[in-house]
Amino acid sequence: MGSLKVVDHPLVKHKITLLRSKFTDVQRFRELMQELSMLLAYEATRSIPVEETTCETPLTETKGYLIHPGQIAIIPILRAGLGMVDGLLNFMPMARVGHVGLYRDHESLQPIEYYSKFPEGIDQMEVFVVDPMLATGGSVAHAIDIVKRAGARKIRFLCVVSCPEGVECLQKAHPDVDIFTCVLDEKLNDKGYILPGLGDAGDRLYGTK
Ligand code: PRP
Ligand code: URA
């Protein structure tokens, strides 16, 4: 079973509270989403491999460690996942970026796929699938099916807000995938929205409602 890591940190608590607030405007919402993504990335990259190297300081030579430039792939689930990418790239500018396009049908809540494109060599990479919201779990479970079909094997999922229903769905569908989240909320409402949640992440990121 994949693990669930809730990043329990005062900075995360503070920023999540601002992110949830209905009084937070589009610009600040985007900034907070990026900042939270960086904090998630810090936790989710703890176990990625580093290569030993030598490094010359102004005084002497010493042992150093580097992340291989072609080793990391970030895969946002469109659209809202795009709001997390720059936060991760701030920490890992060498990462490759792929995309999965999905939206949830409003009636059935089933994911509808419309796009995918992945970096070459994804089968050898540490893959970070990102989407701010883990609600029913249908979107990410489907996205990870697609990413696995493309060859990916080492996959982590990063989300900002999650709920027990989504975690259970993802752990059942992909028991090999570890989940990193800023907060585990209470439940889904009857329209499939997370409570207390933050509303529709895509609409709040892009000002579409
Ligand atoms: C949102 C969110 C997730 C999905 C989560 O996207 O960004 O992808 O819903 O819901 P689920 O866990 O129940 O599948 P949405 O479908 O609204 O598409 P959008 O990003 O294009 O707005
Ligand atoms: N998608 C969102 O953007 N928000 C939710 O609460 C659930 C799904």
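Looking across segment 91-109 at every residue that is outside any loop (DSSP other than H, G, I, E, B) and open to solvent by less than 90 Å² (accessible area, probe 1.4 Å), the one that is farthest from ligand 1 (Cβ to nearest atom) is identified as VAL97.
Checking each residue in segment 50-87 for being without any contact (Cβ under 8 Å) to a residue 60 or more places away in the chain, in a helix (DSSP H, G or I) and hydrophobic (A, V, I, L, M, F, W, C) picks out only VAL85.
All conditions in (1) within 16 Å of ligand 2 (Cβ to nearest atom); (2) without any contact (Cβ under 8 Å) to a residue 12 or more places away in the chain hold for LEU158, with the sole exception of (2).
I'm checking my understanding of the structure. Among residues of segment 110-133 that are among the charged types (D, E, K, R) and part of a loop (DSSP other than H, G, I, E, B), which one is farthest from ligand 1 (Cβ to nearest atom)?
Restricting to residues being among the charged types (D, E, K, R) and part of a loop (DSSP other than H, G, I, E, B), the top hit is GLU120.
Selection over segment 177-197 of residues that are away from ligand 1 (no atom under 11 Å from the Cβ) and either among the hydroxyl-bearing types (Ser, Thr, Tyr) or under 16 Å from the mean Cα position of the chain (by Cα) (or both) gives a count of 8.
The number of residues in segment 156-181 being open to solvent by 10 Å² or more (accessible area, probe 1.4 Å) and in a strand (DSSP E or B) comes to 3. Residues that are out of contact with any helix residue (DSSP H, G or I) (no Cβ under 8 Å at 6 or more places or on another chain) and polar (S, T, N, Q) were ranked within segment 137-181; the one that is nearest to PRO196 (Cα to Cα) is SER162.
The values are calculated or read from the model by the stated rules, or taken from the named source; none is laboratory data. Keep in mind it's a predicted model, so treat the numbers as computed, not measured. No Cβ is skipped: glycine too gets one built from the backbone with ideal geometry, and neighbour counts run over all protein chains shown. All accessible areas refer to the heavy atoms of the entire protein, side chains included, with ligands and DNA or RNA removed. Shrake-Rupley method; radii C 1.70, N 1.55, O 1.52, S 1.80 Å.
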